[in-house]
Amino acid sequence: MSIVAEKLTHIYLEGSPNESVAIDSIDLKIEAGEFWGIIGHTGSGKSTLVQHLNALMQPTSGRICVDGDDLKDKKNRREARKKVGLVFQYPEYQLFEETVLKDIAYGPMNMGESTEKAYEIAREAMVSVGLSPDEIEGRSPFELSGGQKRRVAIAGIIAIRPRYLVLDEPMAGLDPRGRKDILNLLKTLREKTGCAVIMISHSMDDIAQFADHVAVLNEGKLYKAGSVAEVFSDMEALRRTGLDIPQAAILAERLKKQGIEIDRSIYTVEQMLDFITEKTGGVSG
Amino acid sequence: MGDLLYNKQVMARIEIKNLTYFYADGETPVLDDVSLNVNEGEILAIVGHNGSGKSTLAKHMNALLLPYSGTVKIDGMDTLNEENTLSIRQKVGMVFQNPDNQIVTTVVEEDVGFGPENLGIPTDEILSRVSSSLEAVRMSEFAKNAPHMLSGGQKQRVAIAGILAMMPEVLILDEATAMLDPKGRQDVLNIAKKLNTESNMTVVMITQYMEEAVIADRVIVMHEGKIVKTGTPKTVFAYDSDIEKYSLELPHMARLRDGLIEKGIEIPHDALLIEELEKALCPLLQKN
Ligand SMILES: Nc1ncnc2c1ncn2[C@@H]1O[C@H](COP(=O)(O)OP(=O)(O)O)[C@@H](O)[C@H]1O
Ligand SMILES: Nc1ncnc2c1ncn2[C@@H]1O[C@H](COP(=O)(O)OP(=O)(O)O)[C@@H](O)[C@H]1O
Ligand SMILES: [Mg+2]
Ligand SMILES: [Mg+2]
């Protein structure tokens with residue numbers, strides 16, 4: 001099972017003077033259960049790409065298949081929307097129901113669940129995003145804090161029990177605790193349900209720590225795709241596309257320049273910590 | 001050097017005393033007895049959880065909001081006195097999070113000139129301010145472009161140029177880097193640093209990125225409407241800090257430092273920058 005993009009291309013306003021090639025001949029394969037980070041400068045095509053994954057957008061050319069089914073077919077598109085859950089950027093602006101419970105239950109009800117069953121699923125989803133149904137289900141989404149609203153919005157997508165969970169900059173605007181909560185939530189959710197996570201983010205350190213695969217977009221093209229280790233070991237490539245390098249990787253690079261031998265790739269604080277502890281004789285803590 | 005340090009400590013541009021503020025009567029205060037000075041020529045970072053009151057505090061610094069009780073003075077001018085409002089807004093410029101909401105016209109240079117025009121500045125003077133402000137943010141070549149065709153980082157630079165054209169003495173960046181990509185963020189930080197070192201601009205930088213707070217002279221931590229910590233980045237992010245209690249986190253290198261210290265490895269307890277860790281680690285690793 002996988003999502004496969006083949007020569008996927010999307011052109012906005014094709015044929016007009018303002019025509020813009022947002023993504024250009026992208027080939028990408030995302031297997032069920034993987035955790036992908038999608039990175040790239042503003043305007044590189046990240047949001048356009050992910051909106052193809054659940055058939056919210058149609059390719060101008062090329063194709064996209066979810067679990068082998070081409071989304072050119074209308075029936076497959078409907079199926080894909082159940083399998084691929086997409087959390088938009090700033091999703092809290094799209095909350096609309098009068099209570100948190102109704103908002104989260106909207107997805108499952110829309111997919112034909114009974115009200116009772118939909119509420120049950122919604123409550124489970126609340127628990128998985130760390131909200132207490134007792135405290136929160138009857139409240140209006142609008143009176144919650146920013147971080148809570150974000151979690152309600154994510155719960156609304158989790159409630160459709162997607163096999164692939166796609167999130168467009170889910171941590172933007174949150175404080176460090178809020179960011180960490182979301183990241184841990186995605187990690188736990190994946191461990192528990194086995195769903196794939198595909199996350200757009202500008203934080204290289206978060207991607208380095210949480211994802212296992214990375215796709216780098218640059219000016220609409222897939223610049224690089226592979227394991228986290230592969231992508232973050234080519235720091236020059238990241239720099240060329242205007243992206244950050246994880247801090248631990250910069251430190252590793254500088255230590256190497258000082259003649260210190262580093263026998264592995266290091267791009268997270270934890271890896272650096274392990275390396276130094278081993279190298280200095282592992283004074284154990 | 002000594003003089004500069006002296007100035008930094010003594011000359012307060014913004015004096016906030018016992019400031020309390022409510023959006024609605026009877027609620028718990030959003031700002032609760034806050035006292036703070038913003039000093040001439042410093043970069044002051046304000047960090048704190050979502051809803052801790054950072055934006056509310058910032059809006060008091062240029063009279064967008066007025067105290068419920070307590071006082072806010074800019075160069076001695078009380079914000080409660082309406083006669084001061086215009087000069088205060090001229091002295092203290094503010095850049096917000098979303099670049100799209102700050103662009104008002106359809107040509108970059110007009111947008112930058114919009115502020116000074118409202119202040120009644122003569123046309124010649126406006127033109128020269130527009131061109132020098134665009135140069136300061138390295139956007140001169142886009143002067144005739146349409147703002148909506150620019151990237152997020154470029155738009156934010158135009159918004160900053162628009163503020164600079166009003167020749168403020170204090171620049172407030174309210175999570176101005178939040179919606180930007182790494183390069184856009186770095187651009188905005190570099191501009192703030194450059195204005196500070198080259199023109200002695202006082203900068204107040206509100207941010208959710210602890211790595212950004214590291215470049216400040218001083219960091220203030222807000223929590224539920226109160227200031228709970230003030231100090232240099234080195235003291236606020238030092239070993240054994242309780243910063244996580246306030247929904248914040250240590251910068252990555254400080255996290256590495258603490259991990260190493262816990263393993264019994266000798267690292268200065270206030271090391272914060274990659275260079276500092278490199279310097280401390282090199283001799284240890286070369287030995288082995
Ligand atoms: N609705 C739209 N109409 C026209 N052009 C668009 C539209 N949405 C995005 N674009 C353009 O497509 C390119 C890719 O945008 P986007 O996918 O939003 O990038 P990212 O998410 O990486 O910032 C950009 O050049 C952008 O200006
Ligand atoms: N215009 C407003 N009306 C009512 N409450 C507000 C308004 N703006 C902010 N608040 C509330 O005041 C508190 C502090 O908000 P704010 O100053 O924006 O915090 P921060 O910038 O630290 O995230 C929050 O609880 C927020 O919900
Ligand atoms: Mg986007
Ligand atoms: Mg704010």
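Computed over the Cα atoms of region B:134-288, the ratio of the radius of gyration to the Kirkwood radius (Rg/Rh) comes to 1.05. Counting only other chain Cβ atoms within 10 Å of each residue's Cβ, the peptide B:268-277 averages 2.
Rg/Rh, computed from the Cα trace of chain A with Rh as the Kirkwood radius, has the value 1.01.
At q = 0.18, 0.20, 0.26 Å⁻¹, what log₁₀ I(q)/I(0) does region A:15-66 have when each alpha carbon counts as one equal point scatterer in the Debye sum? Calculated log10 I(q)/I(0) at the listed q: -0.68, -0.83, -1.30. Scanning residues 5 or more positions from A:Leu174 or on other chains, none has an amide H under 5 Å from its amide H, with H placed 1.01 Å from N in the peptide plane.
Normalised by the number of residues in region B:31-92, what is the relative contact order in percent for Cα pairs under 8 Å and 6+ residues apart? Write down the numbers at each step before the final one.
Values: 42 pairs, mean separation 14.4, N = 62.
Taking the mean separation of contacting Cα pairs over the length of region B:31-92, I get 23 percent.
Just to check, using Stokes-Einstein with a Kirkwood Rh over alpha carbon pairs, what's the diffusion coefficient of region A:246-285 at 20 °C and 1.002 mPa s in µm²/s? It diffuses with D of about 208 µm²/s by this estimate.
Annotation: aspartates and glutamates with alpha-carbon distance below 14 angstrom to A:Lys75 (same-chain offsets under eight excluded): A:Asp67. Each Lys and Arg Cβ is given +1 and each Asp and Glu Cβ -1; about its Cα centre, region B:174-288 then shows a dipole of about 180 debye. Built from the Cα atoms of region B:67-223, the convex hull projects on average onto 10.2 nm², one quarter of its surface area. Out of every Cα-Cα pair that the protein assembly as shown contains, those further apart than 47 angstrom amount to 16 percent. Close amide H partners of A:Ala211, meaning residues 5 or more places away or on another chain with modelled amide H under 5 Å apart, do not exist here. The alpha carbon centroids of region B:247-288 and region A:1-55 are separated by 40 Å. Under a model in which nothing but the beta-carbon of Lys, Arg (+1) and Asp, Glu (-1) is charged, chain B shows a dipole of about 440 debye around its Cα centre. Expressed in Å, the radius of gyration and Dmax of the Cα atoms of chain B are 20.3, 69. Put simply, when B:78-88, A:174-184 are sorted by average Cβ atoms within 10 angstrom per residue, most first, you get A:174-184, B:78-88.
Each residue of region B:142-159 was assigned a 3J(HN,Hα) from its phi angle through the Karplus expression (A = 6.51, B = -1.76, C = 1.60, θ = phi - 60°), giving 9, 3, 8, 6, 8, x, 5, 8, 8, 6, x, x, 5, 4, 5, 5, 5, 4 Hz with x at Gly and Pro.
Where does each of B:246-259, A:221-234 land if you order them by average Cβ count within 10 Å, highest first?
Most protected by this proxy first, the peptides run B:246-259, A:221-234.
Given +1 at the Cβ of Lys and Arg, -1 at the Cβ of Asp and Glu and no other charges, the dipole of region A:246-285 around its Cα centre is 180 debye to the nearest 20. For region A:48-164, what is the Kirkwood hydrodynamic radius in Å, using each pair of distinct C-alpha atoms? After inverting the pairwise mean of 1/r, the radius is 14.8 Å.
Cα centroid separation, region B:31-83 to region B:155-219: 18 Å. Taking amide H as placed 1.01 Å from N in the peptide plane, B:Ile46 has its amide H under 5 Å from the amide H of B:Met205, B:Ile206, B:Thr207, B:Ile220, each at least 5 places away in sequence or on another chain. Placing R0 at 56 angstrom, the Cβ-Cβ distance between A:Arg139 and B:Val104 gives a FRET efficiency of 0.95 after rounding to 0.05.
Take each residue in B:243-253, count the other chain C-beta atoms within 10 Å of its C-beta, and the mean is 4. Shown here is the pair-distance distribution of region B:110-176: with all Cα-Cα distances grouped in 10 Å bins from zero up to the longest one, the shares run 22, 55, 22, 0 percent.
Per residue of A:170-181, how many C-beta atoms from partner chains lie within 10 Å of its own C-beta, taken as a mean?
Going residue by residue through A:170-181 and averaging, the value is 5.
Its relative contact order, with pairs defined as Cα atoms under 8 Å and 6+ residues apart, puts region A:246-285 at 40 percent. Shown here are the Rg and Dmax of the Cα trace of region A:131-211, at 12.9, 38 Å. Each principal axis of the Cα atoms in region B:213-266 has its own extent, and those three values, largest first, are 37, 22, 14 angstrom. Residues in region B:183-198 carry Karplus couplings, in order, of 5, x, 4, 4, 4, 5, 4, 4, 5, 4, 5, 5, 4, 5, 6, 8 Hz; the curve used is 6.51 cos²θ - 1.76 cosθ + 1.60 with θ = phi - 60°, and Gly or Pro positions show x.
Here the label points at A:Thr60 and A:Gln89, each 7 Å from Cα along the C-beta direction, are separated by 1.9 nm in the simple model. Contact order, relative form, for region B:132-245: 19 percent (alpha carbon pairs under 8 Å, 6 or more residues apart, mean separation divided by residue count). Cross-link partners for A:Lys72 among the lysines, with Cα-Cα distance under 24 Å and sequence neighbours closer than 8 places in the same chain left out: A:Lys7, A:Lys29, A:Lys46, A:Lys82, A:Lys83, A:Lys221. Take the Cβ atoms of B:Glu125 and A:Lys256, set R0 to 56 Å, and the FRET efficiency comes out at 0.55.
Plugging the Kirkwood radius over Cα pairs into Stokes-Einstein for region A:141-273, at a temperature of 37 °C and a viscosity of 0.692 mPa s, what D comes out in µm²/s? Answer, rounded: 200 µm²/s. Counted by neighbouring Cβ atoms within 10 Å, the residues A:Phe88, A:Phe142, B:Phe237, B:Phe22 run from fewest to most as A:Phe142, B:Phe22, A:Phe88, B:Phe237.
Have a look at A:Thr280, A:Ser265, A:Leu255 and report the one farthest towards the positive end of the charge dipole of region A:246-285, computed about the Cα centre with Cβ charges (Lys/Arg +1, Asp/Glu -1). Result: A:Leu255, furthest along the dipole toward the positive end. Of the residues B:Pro268, B:Met201, A:Phe232, the one whose Cα sits farthest toward the positive end of the charge dipole of the protein assembly as shown, with +1 on the Cβ of Lys and Arg and -1 on the Cβ of Asp and Glu, is A:Phe232.
Every number here is computed from the coordinates shown, using simple stated rules; none is lab data. Keep in mind the model is a prediction, meaning the values are calculated, not measured. Counting neighbours? That spans all protein chains shown, and the Cβs are built from the backbone with ideal geometry, glycine included.
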